[in-house]
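Read the structure below first, then the notes.
The values are calculated or read from the model by the stated rules, or taken from the named source; none is laboratory data. Predicted model only: the values in this text are computed from it and were never measured. All Cβ positions, glycine included, derive from the backbone under ideal geometry; neighbour counts span all protein chains shown.
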Protein chains: 2
Amino acid sequence: MTYSAAIRRSIQGHTMHFTSQTLDALPKRTRTNLINSLSGFKSANLVGTRSGSGQENLCIVSSCFHLGADPALMGMIIRPHSVDRHTLEYLQETGCYTINHVHEGIIAAAHQTSARYSREVSEFEATGLTADYHHDFPAPFVQEARIRLGMKVVEIQDLAVNGTVLVIGTIEHVLLPTGLMGEDGYVDVEQAGTVTLSGLDSYHLTRRQGRWRYAKPDRTPQRINE
Amino acid sequence: MTYSAAIRRSIQGHTMHFTSQTLDALPKRTRTNLINSLSGFKSANLVGTRSGSGQENLCIVSSCFHLGADPALMGMIIRPHSVDRHTLEYLQETGCYTINHVHEGIIAAAHQTSARYSREVSEFEATGLTADYHHDFPAPFVQEARIRLGMKVVEIQDLAVNGTVLVIGTIEHVLLPTGLMGEDGYVDVEQAGTVTLSGLDSYHLTRRQGRWRYAKPDRTPQRINE
């Protein structure tokens, strides 16, 4: 590999070591790719919204995370000056949005929603995905997705530290194909073909290594029999 | 599958449909498994801390997420009344913690750190993982991990909505094996064996489906040549 001088300086034998200072010295794009890789694998979801005046929007979001099961809450981080801006605006207007798992059959279309389309363009039309309305829910689901959630905004918080916005929502609707959910409630997202993201642009399917029983201090780790 | 009555009522032909009301009617454990599955794949990280008095702690955290590349920030959600409580306490005392990617060779030990050990027990000793100190950083890294970050606390915020805590940290140190980082800065976390979590207890390796070029409105989706 033909590393830049700034990267080469970080090599110490078999290890690379960056400090906050040497990270700062990297070219912007290199730094962005590197930092985006470091949290590990990310969720890959399409967030669907519709403005008060009926304009639809769809946006891939890699920052959705579980916040709590009781009440059922999810968080996501939105960058208000990025391609996320219409999503944020519309979910503020209506208080509703959908979360739709990206699966292996819709990766290209899902990634394409990250392009900076102008306001009057619906990413549904631009990418060939289909807006789908269910159960009087005001935000569009993605028809092609398999696991789909209708979300109601609970709280929107500006994070002063870097100007991003934390959106917290509660789960109002869960739609999923019969057969994916086990008796214990676990939903087999691998069987659903749900993909995971690394960095800014790498999409991955998964291979289960096992499920593990609830851990206790006085017991060695045990697999759940599958 | 022998679904409970509460689950059976959600089946509508080939689709299952839960509303916030029918979710509430599920047994607690079923509901917890279900909700934890719905955000999609999660990152799997070991968070290392050491108290002011020298007590070490290690805890698996599935809620680390990328918050921004400039400055380099990561967030994570901690439950202050759960097994996370020592982690939160110690990183508040010292302002430092480490994030260590879980890989396929340390899944059982990593999962075992989620057991509710008492304060005087170090999860390093209990699970056989090795605490490792580098570059005068006060929090312990996991020697067996391949991708390791030294983090400084920037902000700790209580989320009133459900009593969890959002910890925001900045990346002070990045340690990774030579050869994982590409010229463009992307770190191949799949090659590193980093795993991803689904639900509360399912661990997965990954299979890359491709990297995609930065999307533009006037261009069809294009793969990055690998």
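Results, tabulated for the structure shown:
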read-out: Verdict on B:Gly40 being part of a loop (DSSP other than H, G, I, E, B), modelled with pLDDT of 95 or more and away from chain A (no Cβ under 11 Å); value: no
read-out: Residue in the range A:183-193 that is within 30 Å of B:Gly169 (Cα to Cα) and touching a residue at least 12 places away in the same chain (Cβ under 8 Å) present; value: yes
read-out: Test result for A:Asp24, surrounded by fewer than 16 Cβ atoms within 10 Å (Cβ to Cβ) and either more than 30 Å from B:Glu172 (Cα to Cα) or touching a Phe, Trp or Tyr at 6+ places or on another chain (Cβ under 8 Å) (or both); value: no
read-out: Single condition B:Ile168 does not satisfy, out of (1) more than 7 Å from chain A (Cβ to nearest Cβ); (2) of a type outside the set (D, E, K, R); (3) under 30 Å from A:Val161 (Cβ atoms); (4) surrounded by fewer than 20 Cβ atoms within 10 Å (Cβ to Cβ); value: (1)
read-out: Residues that are more than 10 Å from chain B (Cβ to nearest Cβ) and of a type outside the set (Gly, Ala, Ser), drawn from the range A:119-132; value: A:Arg119, A:Glu120, A:Phe124, A:Glu125, A:Leu129, A:Thr130, A:Asp132
read-out: Hey, A:Ala126 farther than 25 Å from A:Val187 by Cβ, modelled with pLDDT of 95 or more and in a loop (DSSP other than H, G, I, E, B) or not; value: no
read-out: When residues of the range A:138-148 are limited to those that are surrounded by fewer than 22 Cβ atoms within 10 Å (Cβ to Cβ) and in contact with a strand residue (DSSP E or B) (Cβ under 7 Å, 6 or more places away or on another chain), the one farthest from A:Pro177 (Cα to Cα); value: A:Pro138
read-out: So A:Pro140, is it in contact (Cβ under 8 Å) with a residue 12 or more places away in the chain, more than 16 Å from the chain's Cα centre (by Cα) and under 19 Å from A:Thr87 (Cβ atoms); value: yes
read-out: Residue tally, condition more than 30 Å from A:Asp136 (Cα to Cα), surrounded by fewer than 19 Cβ atoms within 10 Å (Cβ to Cβ) and of a type in the set (A, V, I, L, M), over the range A:171-222; value: 1
read-out: Exclusive hit being among the charged types (D, E, K, R), touching a strand residue (DSSP E or B) at 6+ places or on another chain (Cβ under 8 Å) and more than 7 Å from every other protein chain (Cβ to nearest Cβ), set B:Arg50, B:Arg31; value: B:Arg50
read-out: Residue list for the range B:171-204, filter: in contact with a strand residue (DSSP E or B) (Cβ under 8 Å, 6 or more places away or on another chain) and more than 7 Å from chain A (Cβ to nearest Cβ); value: B:Leu180, B:Asp188, B:Ala192, B:Gly193, B:Leu197
read-out: Candidate set from the range B:43-61 (those that are in a loop (DSSP other than H, G, I, E, B) and over 13 Å from the mean Cα position of the chain (by Cα)); member that is nearest to B:Ile106 (Cα to Cα); value: B:Gln55
read-out: Subset of the range B:73-82 [facing chain A (nearest Cβ under 8 Å), among the hydrophobic types (A, V, I, L, M, F, W, C) and touching a Cys at 6+ places or on another chain (Cβ under 8 Å)]; value: B:Met74
read-out: Residue selected from the range A:1-21 under the condition touching a helix residue (DSSP H, G or I) at 6+ places or on another chain (Cβ under 9 Å) and modelled with pLDDT of 95 or more, by the criterion surrounded by the most Cβ atoms within 10 Å (Cβ to Cβ); value: A:Phe18
read-out: Residue within the range A:89-105 that is modelled with pLDDT of 95 or more, small (Gly, Ala, Ser) and under 30 Å from B:Pro80 (Cα atoms) present; value: yes
read-out: The range A:3-42: number of residues that are under 16 Å from the mean Cα position of the chain (by Cα) and without any contact (Cβ under 8 Å) to a residue 12 or more places away in the chain; value: 2
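Results for (1) among the charged types (D, E, K, R); (2) farther than 26 Å from A:Glu104 by Cβ; (3) part of a loop (DSSP other than H, G, I, E, B), shown as yes or no for each residue.
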position: A:Ala6; (1), (2), (3): no, yes, no
position: A:Phe18; (1), (2), (3): no, yes, no
position: A:Leu26; (1), (2), (3): no, yes, yes
position: A:Arg29; (1), (2), (3): yes, yes, no
position: A:Thr32; (1), (2), (3): no, no, no
position: A:Ile77; (1), (2), (3): no, no, no
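Residue-wise test of (1) within 27 Å of B:Gln209 (Cα to Cα); (2) within 12 Å of chain B (Cβ to nearest Cβ); (3) within 17 Å of the chain's Cα centre (by Cα); (4) in contact (Cβ under 8 Å) with a residue 24 or more places away in the chain.
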position	(1), (2), (3), (4)
A:Cys64	yes, yes, yes, yes
A:Pro71	no, yes, no, yes
A:Asp84	yes, no, yes, yes
A:Thr94	no, no, no, yes
A:Glu104	yes, yes, yes, yes
A:Tyr117	yes, yes, no, yes
